[in-house]
1. Mind checking the log10 I(q)/I(0) for segment A:117-199 at q = 0.13, 0.20, 0.26, 0.27 Å⁻¹? Debye, one equal scatterer per Cα, no solvent, two decimals.
2. Report, in debye and to the nearest 20, how large the dipole of segment A:32-297 comes out about its Cα centre when Lys and Arg carry +1 and Asp and Glu carry -1 on their Cβ.
3. If you take the beta carbon distance between residue B:315 and residue B:351 as r and set R0 to 30 Å, what does 1/(1 + (r/R0)^6) give as a FRET efficiency, to the nearest 0.05?
4. Given +1 on the Cβ of Lys and Arg, -1 on the Cβ of Asp and Glu, and no further charges, what dipole in debye does the protein assembly as shown carry about its Cα centre, rounded to the nearest 20?
5. Please report the equivalent ellipsoid semi-axes of segment A:214-299, computed as sqrt(5 x eigenvalue) of the Cα gyration tensor, largest first, in whole Å.
6. Nearest 100 Å² is fine: what is the total accessible surface buried where chains B and A meet, probe 1.4 Å?
7. Counting every Cα pair in segment A:32-297, what percent are over 28 Å apart?
8. Add +1 for every Lys or Arg and -1 for every Asp or Glu among the other residues with Cβ under 11 Å from the Cβ of residue B:120, and state the total.
Amino acid sequence: MSSEREAALAGEPVPTMASDAEPWIIQPKTGTLGEKLRELWRYRYLWWYFAAENLKSQYRKTTLGWFWMLMRIASTVGLSSIVFGGVLAAPSDGPPYFLFFVAGTATWTLFERSLLFVTRSLERNRKLVTKVYFPRMILPLAATGTGIAFFVITLVVMVGAIGYFRWTRGVWYVVFGPRLIVALLAAVAALFMAVSVGLWTSVLQLRWRDVRQSLRYAMPFWFYLTPIIYPMSHIPEKYHWFVRLNPMSSIVEAFKWGTIGTGSLHPQSLVISSFVMTAVFLGGVWFFSRAEAQSIDKL
Amino acid sequence: MISLKVSDLSKVYRIPKPQPPATSAGEPGRLRSALTLAPIRRYAREALTSDNIQDLWALRDVSFEVEPGSVLGLIGPNGAGKSTLLKVISRIVEPTTGMVSGRGRVVSLLELGAGFDEDASARENIYLNAAMYGIPRSVVDRRFDEIIAFAGIENFVDTNLQYFSSGMYLRLAFSVAINMEPNILLADEILAVGDATFQEQCLQKVAEAGKQGLTVVFVSHDMDAVARICSRVIWLKNGSVHRDGDGEEVVSEYQQTSWEVARQTNKFGFKGSHVNRYGEIVEVRLVTSDGREIGAAPTYEDVSIRIRFKTHNAKVRARCAIDLFTKGVHVLRSTQAVLWPVTSEAVYEAFVRIPKHLLSETKYTVDVTVLLIRGEGEEHALVMNKALAFMTYGAADERGKLRKTGVIAPTFEWTIDKQADVVRA
């Protein structure tokens, strides 16, 4: 018998166990929110890995990966601006329609792309989830990475457009100053919104693959219900309360207000949106933690 | 001090009851039901009621305590709850009731290579794997060279894993896990893969780590390995602890029972028949020297393999051969020396006697070949792969530290003499 073993039996600390032998307990349904957050932090490196992996998997084996992402956004934005702004002559409340549309889709793209990937995040990694333990919430959180990448590219397109209009028309269609912070907050809120909804859909998607299908069809409706292709000012006043129930309206409006300066911040609408988002998020965290264990049993 | 404590642990899986097929209306019916609300109604029923759900107890009131430095073996038939237990301890699966408590870092090897990314280099994968175990980068930095050295991939550190051979892959996976400075290591059937050398290295490493105060929980179907490295063994049966005690004792009891069951259910010794137009192998059995059928072979007695074959053609000669395998090694081939002239279409029995004190204490599989030779050397082979699997066991007095290991363990002639008295000054 080795000396370490003897030491252990005698109740003395064993050399290898001395430094980090923290006691732990596993029980059904334990863990406070604080503990969960601490654990997420400990596993933060995984966020980068899963985010990068998710992004890379989109354009794996392509030589022009980033270029395709840029094309995807540029073509959608370009085409939509021609159709809505040019052919249908949709109003833009001031700035060129192209810029108005890019600013409107930026946060929407961030939300939509993120939500679609978040929804699939658990399903895509279900093999891993049954073999290795890590906080599952990392997966939906990391799946926002692709949405963020699309957002960054949209910003690049937007900056390019601003530069172009400055050069051709000599006008800065951007508000420099503290308003940009509002735009940044709006982007963070879009991400938060994607995660909040995604906490529900990713778990449901594990059992019913229909979730993602139906989501893909629901998103265009949501898109048109959000003031992106049209300004809020063109909706009759009496329907404003309805549009404001949709947190994405406030987010999109706030982003546009913070960058190109159209529209206005509506305090009442921001309060409603924050309330709705917080409710969806807290519900999502509760649902995710509750259903996580059960869903993994069923994999 | 206790390293790992499992108290009254139960795990219930709620699984849908097998449903009789709803309608046998065929394709049109199926299409109709897909277009109506039937699937939605079914989902709703599943979600809201428990009529169609049955409880499956994967674990039921399991309790035990493990001291640091012990190597605990978990054995039992498939579905006994071994893997579920490891999954609960490693937090992958949440327990239904009960509690597990422990001290220090838990690293689980439920599947070698789980969580590896083929598109990344070995270096990146080492850090990724560590991140999945929630292990700080500083630990990896400290252990990096050792990980590479044990895996034997010094020249491939920055090569993508997709170019790795499966052997290198497994080596790396095991090396990462064992070098994460765990306090508790959970290993599920890691010896089912890889070549014999690798398996041996892993076993030694596990045993070594145990000596340094690491607690190891080891699941395996390889009883040889379990008996060798586990100081204590828990035998799980239907989710409960059936036996808990000294490694050797529990293993030998388990082996006896399981071979008894195997013999009764007649699973071994008959695995289909291989046929051609000249004949067929009907049955292969293990028998004692007086012809009694047995399921496991004592190493201290002669045993025979009986090959029963049928010929469909009277003008052939037969020659039989057996190939013996264990641990992935082709141990030997024994071929019948004389050709047997077949005089009529009939059933024949060939016996090959395996002498005592030759086989090791392990599990062997046997491939059988019957060559039917027509005219001048026109050969037609009947082959039955894995025709027979049997376990061998030694006499009680042969057990202990010097058990028979290796692919064969012949008892050669030994002599011992006294040379001179020791003269004390």
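1. Log10 of I(q)/I(0), two decimals: -0.58, -0.94, -1.22, -1.25.
2. Working: 26 positive and 11 negative charges, 161 e Å.
Rounded to the nearest 20 debye, it is 780 debye.
3. On the way: r = 24 Å, r/R0 = 0.81.
The pair residue B:315/residue B:351 has a calculated efficiency of 0.80.
4. Values: 80 positive and 68 negative charges, 513 e Å.
Taking the Cα centre of the protein assembly as shown as origin, the dipole is about 2460 debye.
5. On the way: eigenvalues 197, 46, 26 Å².
Its equivalent ellipsoid spans semi-axes of 31, 15, 11 Å.
6. Working: alone 23920 and 17290 Å², together 37140 Å².
Rounded to the nearest hundred, the buried surface is 4100 Å².
7. On the way: 13199 of 35245 pairs.
Considering segment A:32-297, 37 percent of its Cα-Cα pairs are separated by more than 28 Å.
8. Details: positive: A:56, B:123; negative: A:53, B:117, B:118, B:119, B:124, B:158.
Summing Lys/Arg as +1 and Asp/Glu as -1 gives -4.
The values are calculated or read from the model by the stated rules, or taken from the named source; none is laboratory data. The shown structure was predicted, so the numbers you read here are calculated from the model rather than taken from an experiment. Don't worry about glycine lacking a Cβ; one is built from the backbone with ideal geometry, like all the others, and counts go over all protein chains shown. All accessible areas refer to the heavy atoms of the entire protein, side chains included, with ligands and DNA or RNA removed. Shrake-Rupley method; radii C 1.70, N 1.55, O 1.52, S 1.80 Å.
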